[in-house]
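Q: Please read through the structure below; I'll follow up with questions.
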Amino acid sequence: MSLIDEVCARMREAARVAKLDPDAFALLSKAERELDVEIPLHLDDGSLRMFEGYRVQWNDARGPFKGGLRYHPKVDMHEVEGLAALMMVKCAVVGIAFGGAKGGIRVDPKSLSKDELERLTRGLVRALGDDVGPTKDVPAPDVGTTAEMMDWFADEYGKMVGRLEPAVVTGKTIGHGGSEGRDVATGAGVFIVYDALKRHLAIDPETATVAVQGYGNVGREVARQFDHHGYKVIAVSDSHGGIHREEGLDLAALAAHKEATGSVRDFPGAQNITQQELLTLPCGILVPSALESQITASNAVYVEAKVVLEAANGPITAEADMLLAKDGVVVVPDVLANAGGVVVSGFEWTQNRENVRWSREEVLDRLAATMKTAAEDVWSYSQKHATTLRIAAYALALERVTAAEKERGRLR
Ligand code: NAD
């Protein structure tokens with residue numbers, strides 16, 4: 001099943017649990033708009049290459065469309081649809097006034113120079129035209145995109161409309177209107193959610209060990225957060241492979257090693273393992289923080305973790321979800337666990353619109369309060385309806401979006 005099919009299957013189950021009207025499911029399980037654009041790029045050598053860009057605007061009943069931009073060679077419309085639908089659910093779960101969207105360009109960003117990436121990003125802005133805007137659709141970074149690219153995005157949009165509009169995009173650098181705390185928001189949010197739920201989970205926080213798949217923006221911060229709070233991070237992996245050290249990894253030294261060599265592999269004192277081995281290591285908490293569909297029907301039964309925190313979007317397939325539940329593994333779903341990024345993106349948007357600056361402390365305090373409330377809401381819903389945390393999160397979100405659709409008259 002593609003990600004969008006999985007998300008819709010989960011929405012259908014959630015709609016059943018929430019006893020939603022079939023019309024509500026029909027409306028919320030379809031994108032409002034899908035944009036497929038061709039972006040011409042003059043490469044540094046003068047030749048022209050065309051790139052395909054996508055933007056899926058899933059739903060804006062609760063506020064402007066919101067969701068990241070992914071630059072990756074495997075991006076396609078189906079993937080973007082799935083990620084856009086997840087954004088609708090995510091924003092509603094954490095109660096921020098945004099809808100759901102996602103976009104991307106099918107490109108390997110590592111194959112382009114910085115100048116080419118800048119021209120490509122500016123080309124995307126021009127191709128999207130007035131389909132984006134501060135009160136319409138507000139992109140942000142995702143896999144393969146950076147704060148600097150968001151700066152280029154805002155700058156090009158400003159030129160297009162003839163005024164400064166920093167709130168057209170979030171995840172910018174601090175100097176260009178970005179928010180304090182956005183750099184750590186997703187990883188910090190993962191830990192806050194875990195911490196709020198830990199008394200309900202069948203693990204001993206005193207001795208639980210942690211394995212993190214993916215060592216990018218999110219994975220690195222997740223590992224740092226657990227380490228900072230006294231947990232032993234015993235394994236991490238990246239696109240080159242993984243490493244394991246049962247006594248715990250020295251994360252400061254690992255960051256330096258990754259910086260110097262471009263990979264976590266061959267870290268002194270740790271054993272090299274494969275990406276697959278990381279997922280099935282005996283540990284308390286497994287945190288997939290890379291890409292979709294990493295835990296599938298073929299490896300789910302070998303997962304030994306007690307809890308899986310979905311820091312990545314869609315890392316567990318629907319079939320794997322069932323197998324994990326059968327084995328008593330608690331899954332904290334992406335739409336709750338990794339929502340810290342979009343929450344602080346929302347804070348950035350508010351600061352830009354009001355032309356104010358919040359301190360890092362204020363941002364992180366507000367993030368903690370928002371994530372804690374969402375975790376408690378989802379836990380209570382799952383208990384009340386005897387369902388998984390994932391279906392509870394989806395059901396809660398669908399109820400909230402349905403209420404907004406009724407208010408604006410698209411549902412009776
Ligand atoms: P990133 O590109 O910075 O990092 C991805 C990491 O995964 C890299 O270290 C890469 O080497 C690694 N990786 C790729 N394939 C792998 C594999 N097979 N095994 C192990 N590692 C592998 O991306 P990111 O921003 O950290 O995003 C990671 C995930 O989190 C994505 O699913 C993204 O949609 C989701 N997410 C990100 C944010 C955010 O704020 N950046 C917010 C919410 C969700």
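The values are calculated or read from the model by the stated rules, or taken from the named source; none is laboratory data. Not measured: the values here are computed from a predicted model. Positions of Cβ are generated from backbone atoms using ideal geometry, with glycine treated the same way; all protein chains shown enter the neighbour counts. These area figures cover heavy atoms from the full protein model, side chains too; ligands, DNA and RNA do not enter into them. Shrake-Rupley method; radii C 1.70, N 1.55, O 1.52, S 1.80 Å.
Q: Would you give the gap between the C-alpha center of segment 96-133 and the C-alpha center of segment 28-46, rounded to a whole Å?
A: 8 Å
Q: Still on this model: Cα-based Rg of segment 174-257 per 2.2 N^0.38 Å, rounded to two decimals?
A: Compared with the compact-globule rule of thumb, segment 174-257 sits at 1.17.
Q: Please report the relative contact order for the chain, taking Cα pairs under 8 Å with a sequence separation of at least 6, and give it as a percent rounded to a whole number.
A: Value for the chain: 17 percent.
Q: Could you state the number of Å between the C-alpha centres of segment 284-355 and segment 48-66?
A: Here the answer is 22 Å between Cα centres.
Q: Between Ser239 and Asn355, how many nm apart are label points set 7 Å from Cα along the C-beta direction?
A: The two pseudo-label positions are separated by 4.2 nm.
Q: Report, largest value first, the span of the C-alpha coordinates of segment 3-165 along each principal axis, in whole Å.
A: Principal-axis extents of segment 3-165 (Cα, largest first): 58, 34, 21 Å.
Q: What distance in nm separates the simple spin-label points at Asp108 and Glu319, each placed 7 Å from Cα in the Cβ direction?
A: Taking the two extended label points, one gets 2.9 nm.
Q: Further, regarding this structure: Would you list the P(r) distribution for segment 185-332, with all Cα-Cα distances sorted into 10 Å bins from 0 and each bin expressed as a whole %?
A: For segment 185-332, the pair-distance distribution reads 12, 47, 34, 6, 0.
Q: Then there is this: Would you mind checking segment 47-85 for residues with the amide N under 20 Å from a putative spin-label position 7 Å along Cα→C-beta of Ala26?
A: 58-61
Q: Here is a further query. State the dimensionless ratio Rg/Rh of the chain (Rg: radius of gyration of Cα atoms; Rh: Kirkwood radius).
A: 0.95
Q: Could you tell me which helices of the chain pass both thresholds, a Cα extent of 18 Å or more along their own axis and a mean Kyte-Doolittle hydropathy of at least 1.0, with helices taken as whole DSSP H runs?
A: 77-93
Q: How about Lys406: which aspartates and glutamates have a C-alpha closer than 17 Å to its C-alpha, ignoring those fewer than 8 places off in the same chain?
A: Partners found: Asp21, Asp23, Glu32, Asp60.
Q: When ligands, DNA and RNA are left out and all protein chains stay put, how many square angstrom of accessible area per residue does the chain have with a 1.4 Å probe?
A: Ligands and nucleic acids excluded, the result is 41 Å² per residue.
Q: Rounded to two decimals, what is the ratio between the C-alpha radius of gyration of segment 254-410 and 2.2 N^0.38 Å?
A: For segment 254-410, the normalised Cα radius of gyration is 1.26.
Q: Based on Cβ point charges of +1 for Lys and Arg and -1 for Asp and Glu, what charge dipole magnitude is obtained for the chain about its Cα centre, in debye rounded to the nearest 20? Before the final figure, lay out each step's value.
A: Values: 47 positive and 60 negative charges, 201 e Å.
So the dipole magnitude of the chain works out to roughly 960 debye.
Q: OK, next. For segment 157-218, with only Lys/Arg (+1) and Asp/Glu (-1) charged at the beta-carbon, what is the dipole magnitude about the Cα centre, in debye rounded to 20? Intermediate results must be reported in sequence, preceding the final value.
A: Values: 6 positive and 6 negative charges, 75 e Å.
In debye, rounded to 20, segment 157-218 gives about 360.
Q: Here's something else I'd like to know. Given the rule -39500 (n - 2.57) for each run of at least 4 DSSP H residues, summed and divided by the residues of the chain, what is its mean residue ellipticity at 222 nm, to the nearest 500 deg cm²/dmol?
A: Working: 14 runs with 185 residues, N = 412.
The helix-only estimate for the chain comes to -14500 deg cm²/dmol at 222 nm.
Q: Cα centroid distance between segment 194-245 and segment 174-192, in Å?
A: A separation of 19 Å, based on Cα centres.
Q: So, one more: Using the Cα centre of segment 185-332 as the reference point, and only Cβ charges (+1 on K/R, -1 on D/E), how large is the resulting charge dipole? Debye, rounded to the nearest 20. Numbers along the way, then the final one.
A: On the way: 10 positive and 18 negative charges, 30 e Å.
The dipole of segment 185-332 has a size of about 140 debye.
Q: Toward the positive end of the charge dipole of the chain, about the Cα centre and with charges on Cβ (Lys, Arg +1; Asp, Glu -1), which of Pro141, Cys8, His176 goes farthest?
A: Positive-most Cα among the choices belongs to Cys8.
Q: Pulled fully out, how much extra length does the chain show between Glu376 and Tyr302, if you take 0.36 nm times their separation in residues and subtract their Cα-Cα distance? Mind dumping the intermediate values first?
A: Numbers: separation 74, 0.36 × 74 = 26.64 nm, distance 2.96 nm.
Working it through step by step, the gained length comes to 23.7 nm.
Q: Which one of Ala270, Ala256, Thr388 has its Cα pushed farthest toward the positive end of the charge dipole of the chain, where Lys and Arg give +1 and Asp and Glu give -1 at the Cβ?
A: Thr388
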